[in-house]
Amino acid sequence: MSAVSLWLLFVAIGLGTFLLRFIFIYLFGKIAMPEWLQRALRFVPAAALAALVFPALTHPTGHLDLSLHNFRLLAGLGGALVAWKTRNVLLTIIVGMALLWMMEAAFG
Amino acid sequence: MMRMNEDFLAGVKGALPILVGVIPFAMISSVAAVSVGLTFPEAMGMSVIVFAGASQLVVFQLMSIGSPWIIMVFTAWVVNLRFSMYSATLAPYLQKLSFWQKALLAYMLSDQAFGVSLGYFLVNKKVNHRWYYFGVAVTIWIAWQIGAIIGALLGALVPASWGFDFAFPLSFMALMFAALSDSPTVIAALVGGMTAVFAKQLPYNTGLVLATFLGIASGYFAESLNTKSGVIQ
């Protein structure tokens with residue numbers, strides 16, 4: 001990716017994200033957010049993040065791998081347990097990475 | 001005027017405990033930026049222009065697998081849709097301001113600034129909301145950028161063989177579990193995740209966007225069913 005298209009990428013993402021942050025603070029009192037949209041937006045974090053996480057574990061090299069040789073799947077399940085119990089980003093990363101490194105050192 | 005200073009400082013204090021999470025996350029985002037080949041000015045430029053960690057990490061993951069430009073932009077927007085929900089929720093508290101003051105406060109809106117501010121507003125009624133929010137948001141913004149600078153400087157020292165890209169899905173995982181507040185949100189996550197697995201082979205990572213929308217639709221539908229059965233009972 002060229003430097004120009006990289007900076008254009010940042011600006012495009014940044015502008016869109018700014019508008020998402022700004023829109024209802026600006027429009028308050030001018031126009032109300034439709035009720036259905038407010039309800040639908042509640043599901044964005046869960047749906048979007050799961051759509052990123054699941055394939056990263058099941059397709060570590062771009063192909064489906066549900067075997068015990070898929071260390072990322074196994075370490076990810078360990079990390080999921082920590083994430084579920086603590087909801088702590090840093091702790092989940094530490095445990096998941098440690099599990100991955102241990103398995104690679106032991107069986108890799 | 002005294003009241004404003006007090007509330008601003010209360011906001012700064014309110015933000016301090018969560019910096020323990022904000023700074024490492026900012027560092028990770030910058031380490032990731034450097035690991036996919038961004039220079040220091042590019043990593044910091046993105047950190048300032050976008051200022052949304054989860055979407056930055058998503059973009060780096062898409063960069064590392066060679067996704068097209070438009071998919072990266074669109075996916076980042078989808079991941080950041082939640083900000084419009086925060087914007088709508090905080091809007092009543094951030095009024096009687098000029099266009100540019102609103103724009104500045106909106107630019108600094110983050111998951112953490114939203115969470116801390118709203119939690120405080122619901123308990124403390126007698127507060128200047130704008131100053132309190134500003135105190136929280138600007139503290140988080142500064143801490144984030146400091147973490148990003150440290151991460152970008154350290155990033156060059158982390159070899160690719162450590163598999164550090166695995167930190168992306170792990171961080172998303174923790175954020176995902178935090179978003180699971182009831183059964184419709186769990187359904188949204190399960191449908192979104194499973195669809196993404198089955199749609200993995202679709203061209204240009206379009207499966208990701210499809211999976212997100214199907215997940216949202218499933219959660220919405222499940223919630224509607226819940227509400228209806230509740231009325232009947």
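Just so it is clear, none of the values below were taken in a lab; they were calculated from the coordinates. Note that the structure is a prediction, hence the values are computed from the model and not measured. FYI the Cβ positions are ideal-geometry reconstructions off the backbone, even for glycines, and counts take in every protein chain you see.
Take each residue in B:40-49, count the other chain C-beta atoms within 10 Å of its C-beta, and the mean is 3. Enumerate the lysines that B:LYS13 could reach by cross-link, defined here as Cα to Cα under 19 Å, with residues fewer than 8 away along the same chain left out. Candidates past the 8-residue exclusion: B:LYS125, B:LYS126.
Our summary of shape: the Cα atoms of the stretch A:43-108 have principal axis extents of 38, 26, 13 Å, ordered from largest down, in whole angstrom.
Computed over the stretch B:22-85, the P(r) tail beyond 17 angstrom holds 37 percent of alpha carbon pairs. Classification of the stretch B:180-233 by its C-alpha gyration tensor yields a prolate form. The axis ratio a/c (a ≥ b ≥ c) is 1.5 or more, and a/b outweighs b/c.
Taking the average, over residues, of other Cβ atoms within 10 Å as the packing measure, peptides B:147-158, A:26-37 rank B:147-158, A:26-37 from highest down. Taking a span of 15 Å or more along the helix axis (Cα atoms) and a mean Kyte-Doolittle hydropathy of at least 0.0 as the rule, the DSSP H helices of chain B that qualify are B:19-35, B:53-64, B:69-79, B:111-123, B:129-155, B:167-179, B:183-198, B:206-232.
Shape class of the stretch B:121-222 from the Cα gyration tensor (axes a ≥ b ≥ c, square roots of the eigenvalues): oblate, since a/c reaches 1.5 or more and a/b does not exceed b/c. Axis of helix A:71-86 versus longest Cα principal axis of chain A: the two differ by about 60°, to the nearest ten degrees. How far is helix A:89-107 tilted off the main Cα axis of chain A, in degrees rounded to 10, range 0 to 90? So the inclination is approximately 30 degrees. Computed over the stretch A:1-42, the alpha-carbon pair-distance distribution with 10 angstrom bins reads 24, 37, 22, 15, 2, each value a whole percent.
Can you give the longest stretch of chain B with no exposed loop site, where a site means trypsin sites (Lys or Arg not before Pro) in a DSSP loop (not H, G, I, E or B) with at most 11 other C-beta atoms within 10 Å?
B:127-233
The tail of the calculated P(r) for the stretch B:49-202 beyond 19 Å holds 64 percent of all Cα-Cα pairs.
Largest GNM mean-square fluctuation among B:ALA43, B:ALA76, B:ALA91, using chain B with Cα springs under 10 Å: B:ALA91.
Would you mind checking the tilt of helix A:3-27 against the longest principal axis of the Cα atoms of chain A, expressed as 0 to 90 degrees and rounded to 10? Computed tilt is about 60 degrees. Need the C-alpha centroid separation for the stretch A:1-45 versus the stretch B:177-194, integer Å. Measuring centre to centre over Cα atoms gives 22 Å. Look at the stretch A:92-105: the mean tally of other chain Cβ atoms within 10 Å of its residues' Cβ atoms is 4. Can you bin the stretch A:1-80 into rounded, prolate or oblate? Criterion: square roots of the alpha carbon gyration tensor eigenvalues sorted a ≥ b ≥ c, rounded for a/c under 1.5, prolate for a/b above b/c, oblate for the rest. It is oblate, given that a/c is not under 1.5 and a/b is not larger than b/c. Computed on the Cα trace of the protein assembly as shown, the radius of gyration divided by the Kirkwood hydrodynamic radius gives Rg/Rh = 0.97. Mean separation of Cα pairs under 8 Å and 6 or more residues apart, divided by the residue count, gives chain B a relative contact order of 30 percent. Kirkwood hydrodynamic radius of the stretch B:95-152, from the reciprocal of the average inverse Cα-Cα distance over all distinct pairs: 12.3 Å.
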